[in-house]
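First comes the structure, then the notes that go with it.
The values are calculated or read from the model by the stated rules, or taken from the named source; none is laboratory data. Being a predicted model, the structure only gives us computed values, none of them experimental. So basically every Cβ, Gly included, is an ideal-geometry build from the backbone, and we count neighbours across all protein chains shown.
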């Protein structure tokens, strides 16, 4: 399958192969090897398929949340030989520099609180989603045990996009994840990518699996991959 890779931010580049905790878990396929090279230049966006629905999957807004980033390499291998009914856009490593450094922050900031602010990479992702007329999105994270939320979960909201809740309900019905729903997007956290997507009219969820920060705990990659496949399954793109 053809996969197009473009760079949507140029100040985020990093050599993710310098993160030993990440690399010991990776078995990059053909697309994965191109992704590692592309990450040197900035934030890579990968496109599979064409037409509608147009959906977006993202990981690595927090560079030290490794399981979903590892899961993405498995997802790319999975998508490589599949017929896509629609367009699947993926941002497997949102901030390669932060992933390289195994850091939650980039340029001193938590990028998942800066989506509404011009000039930050998360805002760039939001604008890219709007420009591409994305119809739904999922942002994949990991949460440290005994933190917030500290459990495998899917964050969503009912307003202004009720479809956010429907997507979360679907994913949790197929996995052991728990729905964490807000009545209105943006009331729990300010500037999160998921919330700003919902507020802009793009239904979005945040999927969390449990793993220590900067590490890949047993089973966490497989759980994240299940969430990703369930999101794809909701839209019948595979």
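Checked against (1) in contact (Cβ under 8 Å) with a residue 24 or more places away in the chain; (2) under 19 Å from residue 195 (Cα atoms), residue 118 passes all but a single condition, namely (1).
Residue 146 passes every criterion in (1) modelled with pLDDT under 95; (2) on the phi < 0 side of the Ramachandran plot apart from (2).
Exactly one residue out of 154, 179 is in a strand (DSSP E or B) and under 18 Å from residue 71 (Cα atoms): that is 154. Filter the range 199-238 down to residues that are touching a residue at least 12 places away in the same chain (Cβ under 8 Å), part of a loop (DSSP other than H, G, I, E, B) and farther than 23 Å from residue 132 by Cα, then give me how many there are. Result for the range 199-238: 7.
Applying the criterion of being in a helix (DSSP H, G or I) and touching a helix residue (DSSP H, G or I) at 6+ places or on another chain (Cβ under 6 Å) to the residues of the range 157-176, the residue that is farthest from residue 88 (Cα to Cα) is 174.
With respect to residue 56, is the statement that it is more than 21 Å from residue 136 (Cα to Cα), surrounded by 16 or more Cβ atoms within 10 Å (Cβ to Cβ), at pLDDT 95 or above and touching a strand residue (DSSP E or B) at 6+ places or on another chain (Cβ under 9 Å) true? No: the conditions fail for residue 56. Taken over the range 171-188, the criterion of being within 16 Å of residue 208 (Cα to Cα), surrounded by 18 or more Cβ atoms within 10 Å (Cβ to Cβ) and either touching a residue at least 60 places away in the same chain (Cβ under 8 Å) or touching a strand residue (DSSP E or B) at 6+ places or on another chain (Cβ under 7 Å) (or both) is satisfied by 171, 172, 177, 180, 182.
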